[in-house]
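Trainee: This is the structure I want to talk about, given as structure tokens.
The values are calculated or read from the model by the stated rules, or taken from the named source; none is laboratory data. These numbers come from a predicted model, not from an experiment. When we count neighbours, we look across all protein chains shown, and the Cβ atoms used for this are built from the backbone with ideal geometry, even at glycine.
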Amino acid sequence: MTEENTVQTLPTGAKPADANAPLVEVKDLEVTFTTSSGDVHAVRGVSFDIHAGETVAIVGESGSGKSTTATALIKLLAGNGRISGGQILVEGKDITHYGERQMASVRGGTIGYVPQDPMSNLNPVWNIGFQVREAIRANGVASGKKDIEAKAIEVLHQAGLGDAERRLKQFPHQFSGGMRQRVLIGIGLGADPKLLIADEPTSALDVTVQKVILDHLETLTREKNTAMLFITHDLGLAAERASKVIVMSQGKIVEAGPSLELLQHPRHPYTKQLIAAAPSLASRRIHSSVGEHLVDGVKGPDLLNLAEKHDDTEAAAEAKPVVVSVKDLRKTYMIRRGSFRSDPLHAVDGVSFDIHKGTTLALVGESGSGKSTAARLVLGLEKPTEGQITVGGVEMADASGKALFDLRRRMQVVFQDPYASLDPQRSIGAIIAEPLKVHKVGDRKSRDARVHELLDQVALPSAMADRYPNELSGGQRQRVAIARALALKPDVVVLDEAVSALDVLVQAQILQLLADLQEELDLTYLFITHDLAVVRVVADVVAVMEKGKIVETGGTDEIFERPQEQYTQRLLDAIPGAGIEFGS
């Protein structure tokens with residue numbers, strides 16, 4: 001057997017002779033997708049067991065095969081996918097070749113499923129009640145209108161949603177992200193399955209909501225002795241929530257074992273690479289001089305071993321000139337409560353901060369705290385109700401016409417989702433050149449030259465200019481988005497959850513790229529995020545927002561090591577794996 005195919009498995013301890021048989025046995029699983037360019041072997045020789053009541057996490061970067069493995073267990077592969085080898089045994093029965101009718105008896109009742117994105121998996125035109133009742137009907141949990149209605153109410157109550165009868169009449173857009181995820185968890189557990197597959201169930205949620213959801217999920221599964229298979233790229237979450245971790249890379253299992261032992265004493269180079277790339281509370285600020293750690297041949301930081309502290313980051317930042325100044329900023333929306341009544345919603349309420357040249361200010365807080373609204377106000381995408389925004393000495397309220405157009409040229413934005421922010425019908429070169437065309441910068445020849453210069457700056461080959469977004473990975477798309485933001489040589493770049501959709505290896509590359517570009521071009525960043533572990537490695541100054549107000553501001557090390565506000569402490573305590581020391 002070659003070294004490449006060797007699975008390094010940590011000792012799990014001998015099981016007693018009378019141990020129960022596994023609930024699920026996966027033996028040498030192979031999954032193949034048929035594409036126009038030939039077969040793609042997405043899962044190759046994967047084997048593992050799950051026992052009753054056990055929580056197992058599969059971790060790995062995007063494309064590692066972890067989600068494909070999960071969907072293969074319940075036979076929900078895409079139309080061009082098939083199980084091409086191996087076996088899946090559920091309670092001793094081989095379901096590998098089950099058809100749809102046979103799988104109907106497995107899905108829901110034996111294996112439940114919680115998908116990643118609640119907005120993609122809840123139909124926006126149907127109310128919550130209809131969707132919950134349909135799932136109950138399909139799983140054969142209840143029959144008869146009254147019984148189904150009673151079970152639907154019970155499902156929402158179990159998922160932690162109060163006033164269930166009223167909630168059933170509401171639509172997905174009337175729920176928060178955490179509430180929508182609770183509905184999916186309720187549906188997944190509604191038929192009391194013996195195994196629940198949770199595919200990135202909280203990746204789109206902020207840390208405090210994530211903790212509440214996962215604590216509730218853990219309570220429910222423990223009460224019912226339900227086994228869980230977690231699919232995640234969050235190593236902290238895997239260490240904190242799972243008893244066993246399986247590490248996948250390129251369709252294979254490269255290492256598996258008890259979670260804490262594996263993550264504190266990894267053996268396989270890929271596992272070590274994942275751990276080194278994952279930001280944590282032990283990480284320190286990335287600087288351009290740090291970056292000799294290679295990830296897939298691309299320079300990226302070893303976040304785990306950035307030992308040097310920078311307690312003077314706030315003082316160093318304040319020594320530089322102010323580029324963005326926000327004073328007493330307010331944004332109030334009027335929310336209709338009925339035919340004759342509207343109530344004010346203070347989304348941003350008296351916010352003030354300065355960002356100094358060449359530094360990064362991170363604006364952090366839970367969903368609904370007002371951080372993204374503040375960013376839109378700074379960018380001039382919305383008008384403030386009150387307050388003052390000054391960029392490079394120019395007050396935005398005083399700028400109009402050409403002056404405002406020129407001011408916007410000095411500020412650019414990189415959004416969260418690289419899939420949604422790039423026009424799929426335009427080439428990469430056209431996407432990057434668009435700001436140059438809008439602002440009438442140069443002729444076609446000079447713009448083409450600038451596009452190639454920008455591709456080089458974000459470490460993408462020049463040939464990428466002729467390709468389209470669907471031909472690129474998530475990390476490559478985000479590099480394109482960054483290149484577009486830099487096209488006009490801005491002073492300020494607003495990064496709105498710019499790395500939250502990326503797995504840890506790609507995220508590490510993008511974070512190092514941002515640090516290198518900041519050093520090279522003296523860029524000023526406003527970094528909007530709910531991920532405090534990322535804040536630790538990118539920010540010089542942190543401003544914590546709650547209910548539209550900034551409740552605490554300070555240097556990054558000061559905020560993380562000596563938080564003054566209970567709200568800040570709660571955010572820090574909610575970070576998955578915050579108290580776990582990873583190895584390398």
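Trainee: Take Ala483 and tell me if it is at pLDDT below 95, surrounded by 23 or more Cβ atoms within 10 Å (Cβ to Cβ), over 25 Å from Asp234 (Cα atoms) and not aromatic (Phe, Trp, Tyr). Walk me through how you get there before you give the answer.
Mentor: Numbers: at pLDDT below 95: yes; surrounded by 23 or more Cβ atoms within 10 Å (Cβ to Cβ): yes; over 25 Å from Asp234 (Cα atoms): yes; not aromatic (Phe, Trp, Tyr): yes.
Yes; evaluated as a whole, the condition is true for this residue.
Trainee: How many residues does the range 177-217 hold that are over 15 Å from Glu240 (Cα atoms), assigned to a helix (DSSP H, G or I) and charged (D, E, K, R)?
Mentor: Final tally of qualifying residues: 2.
Trainee: Let me ask something else about it. Show the residue pairs that are 6+ apart or on different chains and have beta-carbon atoms under 6 Å apart, the first residue being within the range 218-241 and under 14 Å from Thr271 (Cα atoms) and assigned to a helix (DSSP H, G or I), the second being modelled with pLDDT under 85 and of a type in the set (A, V, I, L, M, F, W, C).
Mentor: Taking only residues 6 or more apart or on different chains, the pairs are Leu235/Ala278; Ala239/Ile580.
Trainee: I've got another one for you. Looking at (1) within 26 Å of Tyr270 (Cα to Cα); (2) surrounded by fewer than 20 Cβ atoms within 10 Å (Cβ to Cβ); (3) of a type outside the set (A, V, I, L, M), which one does Gly79 not meet, given that it meets all the others?
Mentor: Every listed condition holds for Gly79 apart from (1).
Trainee: Here's another thing I want to ask about it. Taking the conditions exactly as written (under 19 Å from Pro193 (Cβ atoms) and not acidic (Asp, Glu)), does Lys66 satisfy them or not? So that I can check it myself, show each step before the final result.
Mentor: Numbers: under 19 Å from Pro193 (Cβ atoms): no; not acidic (Asp, Glu): yes.
Here the answer is no, as Lys66 does not meet what is asked.
Trainee: Let me ask another. Scanning for something on the phi < 0 side of the Ramachandran plot, among the polar types (S, T, N, Q) and assigned to a helix (DSSP H, G or I), does the range 356-376 turn up at least one residue?
Mentor: The first filter runs over the range 356-376 and keeps only residues on the phi < 0 side of the Ramachandran plot, leaving 356-357, 359-364, 366-367, 369, 371-376.
Still in the list and also among the polar types (S, T, N, Q): 359-360, 367, 369, 372-373.
Adding the requirement that they be assigned to a helix (DSSP H, G or I) leaves 372-373.
Yes, because at least one residue in the range 356-376 is on the phi < 0 side of the Ramachandran plot, among the polar types (S, T, N, Q) and assigned to a helix (DSSP H, G or I).
Trainee: If you take the residues in the range 498-520 that are in a loop (DSSP other than H, G, I, E, B) and either hydrophobic (A, V, I, L, M, F, W, C) or modelled with pLDDT of 85 or more (or both), which one is surrounded by the fewest Cβ atoms within 10 Å (Cβ to Cβ)?
Mentor: Of the range 498-520, the ones in a loop (DSSP other than H, G, I, E, B) are 498-503.
Now narrow it down to the ones that are either hydrophobic (A, V, I, L, M, F, W, C) or modelled with pLDDT of 85 or more (or both): 498-499, 501-502.
Values: Ala498: 30, Val499: 26, Ala501: 21, Leu502: 23.
Filtering first and then ranking leaves Ala501.
Trainee: Related question: Counting only residues that are charged (D, E, K, R) and closer than 22 Å to Leu514 by Cα, which one in the range 394-413 is modelled with the highest pLDDT? Walk me through it before giving the result.
Mentor: Keep residues of the range 394-413 that are charged (D, E, K, R), which gives 395, 398, 402, 406, 408-410.
Applying the additional criterion that residues be closer than 22 Å to Leu514 by Cα yields 408-410.
On the way: Arg408: 83, Arg409: 87, Arg410: 90.
Residue satisfying both the conditions and the ranking: Arg410.
Trainee: Across the range 377-390, which residue is farthest from Phe415 (Cα to Cα) among those that are part of a strand (DSSP E or B) and out of contact with any Gly (no Cβ under 9 Å at 6 or more places or on another chain)?
Mentor: Of everything passing the filter in the range 377-390, Gln388 is farthest from Phe415 (Cα to Cα).
Trainee: Looking only at the range 115-160, how many residues end up being surrounded by fewer than 20 Cβ atoms within 10 Å (Cβ to Cβ) and not in a helix (DSSP H, G or I)?
Mentor: 13
Trainee: Scan the range 34-56 and give yes if some residue there is of a type outside the set (Asp, Glu), in a strand (DSSP E or B), modelled with pLDDT under 80 and more than 26 Å from the chain's Cα centre (by Cα), otherwise no.
Mentor: Applying the first criterion (of a type outside the set (Asp, Glu)) to the range 34-56 yields 34-38, 40-48, 50-53, 55-56.
Now restrict to residues that are in a strand (DSSP E or B): 34-35, 38, 40-48, 50, 55-56.
Narrowing further to those that are modelled with pLDDT under 80: none.
Checked the range 34-56: no residue is of a type outside the set (Asp, Glu), in a strand (DSSP E or B), modelled with pLDDT under 80 and more than 26 Å from the chain's Cα centre (by Cα).
Trainee: Looking at (1) over 30 Å from Gly387 (Cα atoms); (2) at pLDDT below 65, which one does Ala317 not meet, given that it meets all the others?
Mentor: The failed condition is (1).
Trainee: Somewhere in the range 505-525, is a residue under 25 Å from Arg570 (Cβ atoms) and not hydrophobic (A, V, I, L, M, F, W, C)?
Mentor: The answer is yes, given that some residue of the range 505-525 is under 25 Å from Arg570 (Cβ atoms) and not hydrophobic (A, V, I, L, M, F, W, C).
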